[in-house]
Amino acid sequence: MIAVVKKITIQIVTLDEETGDFFAKSTFDHPYPSTKIVWIPDPKGVYPDLLATSGDYLRVWKITENFETRLECLLNNNKNSGFCAPLTSFDWNETDPTLIGTSSIDTTCTIWNLETGQTVGRVGSNRVTGQVRTQLIAHDKEVCDIAFSKAGGGRDMFASVGADGSVRMFDLRHLEHSTIIYEEPDNNPLVRLAWNKQDANYLAAFAMHGTALLLLDIRVPCKPVAQLSSNSAQSSSSNNSTPSCVNGLAWAPHSPVHVCTAGEDGQALIWDLSRVPAAIEEPILAYGAAGEINQVQWSAAHPDWIAICYNNTLEILKV
């Protein structure tokens, strides 16, 4: 199942593999357009079916067996006001699903500790609650994205990118220190990042209006070990050799050397990084959508499925 944002409502949809059609199982209102939406990472089915969204606040929703949706908690990181600065993104810790990290335009990252009552929380309660575990000033300007390390049991490691053009790495056990992994030479805002799900040494990020995906090795900070641009793929298939902006990325959940990028040229490209640090000039697979792709996700449950969104359309690609 996949959850998609539609206007200011959220639809939970399921795919009929025989017909190839999507069917809405549930639709619920969201006060503002969500900047990100994520299911709880729970492959063993230990936790309730929870969905988190970011926007004006961090919200956690519970999906019942009959697909009714209930708001479990609304989390505000501002202790002095009923309002908080808008959230640009968040990440759900795959090693410890009781942790969620949010990024905000107020230069901070907040790590939330969730209690689900059913499994790790308060006795006698089946409601989800949350409290701030820690909040820190992460960047000099807006924080645009946050990602936990997903490999090697990296529960405590997370990274962030911001409008100051830097990638910074943090350890929950030693928050008095941080490491600057990369700084964009022209100080262009870095807007998204993702951690390799199999190899914790690698991160990927891209800049606002950037035409290349930056592959970073935390062991060799300050300079990307590779840059992946759609220029080669475009020039091999058309006369237009102008590189397009990257809009999304997703690491393969089952492979440390494959990543998918998506861009405003409507292309979803899969890259093989096994030859890094040698230059990677061509993707190994390419798909052309009927519009500018603004979102891409690689399914952990079905590693041969990649979901993309463009215009008002959701498609699943089988690779």
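The values are calculated or read from the model by the stated rules, or taken from the named source; none is laboratory data. Since the model is a prediction, treat every value here as computed from it, not as a measurement. Here Cβ is always computed from backbone atoms with ideal geometry, including for glycine, and neighbour counts include all displayed protein chains. Heavy atoms of the whole protein, side chains included, go into the accessibility calculation; ligands, DNA and RNA do not. Shrake-Rupley method; radii C 1.70, N 1.55, O 1.52, S 1.80 Å.
Annotations
- If you go through segment 261-287 and keep only what is part of a strand (DSSP E or B) and more than 13 Å from V319 (Cβ to Cβ), you end up with T261, A262, G263, Q267.
- Count - residues of segment 148-170 that are of a type in the set (D, E, K, R) and either touching a residue at least 40 places away in the same chain (Cβ under 8 Å) or closer than 12 Å to T107 by Cα (or both): 3
- Failed criterion for G55 (all others in (1) over 17 Å from E72 (Cα atoms); (2) open to solvent by less than 80 Å² (accessible area, probe 1.4 Å) hold): (1)
- Residues that are of a type outside the set (K, R), assigned to a strand (DSSP E or B) and open to solvent by 80 Å² or more (accessible area, probe 1.4 Å) within segment 296-319 comprise just one, Q297.
- Members of segment 140-175 that are assigned to a loop (DSSP other than H, G, I, E, B) and crowded, with 23+ Cβ neighbours inside 10 Å: S149, K150
- Of residues in segment 223-243 being part of a loop (DSSP other than H, G, I, E, B) and at pLDDT below 90, the one surrounded by the fewest Cβ atoms within 10 Å (Cβ to Cβ): N239
- Residue check, Y182 open to solvent by 40 Å² or more (accessible area, probe 1.4 Å) and either touching a helix residue (DSSP H, G or I) at 6+ places or on another chain (Cβ under 6 Å) or aromatic (F, W, Y) (or both): no
- Residue match in segment 27-38 (condition: touching a Gly at 6+ places or on another chain (Cβ under 6 Å), among the polar types (S, T, N, Q) and open to solvent by 50 Å² or more (accessible area, probe 1.4 Å)): yes
- Against the test of being touching a Ser or Thr at 6+ places or on another chain (Cβ under 8 Å) and at pLDDT 95 or above, the options L203, L175, L136, L190 yield a single qualifying residue, L190.
- Only a single criterion out of (1) without any contact (Cβ under 8 Å) to a residue 40 or more places away in the chain; (2) surrounded by 19 or more Cβ atoms within 10 Å (Cβ to Cβ); (3) in a strand (DSSP E or B) is not satisfied by C84, namely (3).
- From V257, V276, V246, residue being open to solvent by less than 80 Å² (accessible area, probe 1.4 Å) and at pLDDT below 95: V276
- Failed criterion for F28 (all others in (1) more than 20 Å from I137 (Cα to Cα); (2) modelled with pLDDT of 95 or more; (3) of a type in the set (A, V, I, L, M, F, W, C) hold): (2)
- Test: W61 is among the aromatic types (F, W, Y) and either open to solvent by 10 Å² or more (accessible area, probe 1.4 Å) or modelled with pLDDT under 95 (or both): yes
- Failed condition for V60, given (1) outside any loop (DSSP other than H, G, I, E, B); (2) on the phi > 0 side of the Ramachandran plot: (2)
- The residues of segment 76-92 that are at pLDDT 95 or above and within 17 Å of G130 (Cα to Cα), listed by number, are L87, F90, D91, W92.
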